[in-house]
Amino acid sequence: MSRYDWQGGPRNKGHISPLRDWERVVGQIERGEVRVGPEAAREIARRIEAQGGFWGPRKEEKEERKEITMEERDKWQWTQEELCAEAVRRFGKDPMKWAFQCPNCQDVATGDDFRKALADNPRTGRDGEPLHVSAIVGQECIGRTLGALKKSITWDGRGCDWAAYGLFSGPWEITMPDGHTAWGFPLAQAA
Ligand SMILES: [Zn+2]
């Protein structure tokens with residue numbers, strides 16, 4: 001039981017109980033000291049806005065706040081949503097045009113580059129199915145698809161054998177909607 005027996009039971013007989021919050025507020029409303037309801041709220045909002053203030057976030061301001069600042073652009077931890085938004089900002093809405101940079105050899109590769117590389121050098125995933133661009137773009141250097149993994153040769157083609165999930169992971173860490181995180185290459189700078 002709370003310090004003030006709000007049931008007004010025998011325990012508190014003879015004591016003066018302070019007004020409960022709702023009693024105080026109802027009293028204020030009844031006496032006209034405070035106003036309630038949507039019309040009053042709108043009127044107060046209009047008055048504040050007329051004085052140059054604003055009442056609650058406007059739609060445009062909400063969107064503005066989602067915009068990524070300069071400092072955040074080179075941050076290392078992203079949500080998947082942030083990363084996609086930033087990729088769209090840099091390269092547009094077509095994910096095949098999104099470009100990632102290998103942190104080892106600095107090669108910049110797009111989804112289109114990977115699509116072509118996979119067409120020329122088909123690979124299968126662990127499940128035996130053909131590997132899709134989405135499984136490796138931003139995760140692996142394009143050299144891994146083009147032939148850098150072949151132990152029999154010294155690779156002098158494009159890219160290298162680096163992977164974001166390798167010994168030196170990342171360097172970006174992306175949090176997926178379900179909460180798990182994945183390593184990724186950084187987005188390349190906008191062209
Ligand atoms: Zn590389």
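The values are calculated or read from the model by the stated rules, or taken from the named source; none is laboratory data. Since we're looking at a predicted model, the values are computed, not measured. Every residue, glycine as well, gets a Cβ built from its backbone with ideal geometry; the counts of neighbours run over all protein chains shown.
Can you find even one residue in segment 95-107 that is among the basic types (Lys, Arg) and away from the ligand (no atom under 16 Å from the Cβ)?
Pass one, segment 95-107, residues among the basic types (Lys, Arg): 97.
Then drop every residue that is not away from the ligand (no atom under 16 Å from the Cβ), which leaves 97.
So far as segment 95-107 goes, yes, one or more of its residues are among the basic types (Lys, Arg) and away from the ligand (no atom under 16 Å from the Cβ).
Is there any pair with a first residue in segment 102-127 that is more than 23 Å from Gly170 (Cα to Cα) and a second that is within 13 Å of the ligand (Cβ to nearest atom) and among the hydroxyl-bearing types (Ser, Thr, Tyr) whose Cβ atoms are under 9 Å apart and which are 6 or more apart or on different chains, and what are they?
Short answer, once both residue conditions are applied: Asp120/Thr145; Asn121/Thr145.
Let me spell it out: the conditions are (1) modelled with pLDDT of 55 or more; (2) closer than 30 Å to Leu187 by Cα; (3) surrounded by fewer than 10 Cβ atoms within 10 Å (Cβ to Cβ), and Gly37 meets all of them except one. Which number is the exception?
Gly37 satisfies all of (1) modelled with pLDDT of 55 or more; (2) closer than 30 Å to Leu187 by Cα; (3) surrounded by fewer than 10 Cβ atoms within 10 Å (Cβ to Cβ) except (2).
How many residues does segment 112-152 contain that are away from the ligand (no atom under 16 Å from the Cβ) and either touching a Gly at 6+ places or on another chain (Cβ under 9 Å) or more than 18 Å from Phe185 (Cα to Cα) (or both)?
Here is the first cut: in segment 112-152, the ones away from the ligand (no atom under 16 Å from the Cβ) are 112, 115-116, 118-120, 122-135, 151-152.
Then drop every residue that is not either touching a Gly at 6+ places or on another chain (Cβ under 9 Å) or more than 18 Å from Phe185 (Cα to Cα) (or both), which leaves 116, 118-120, 122-135, 151-152.
The number of residues fulfilling the criteria is 20.
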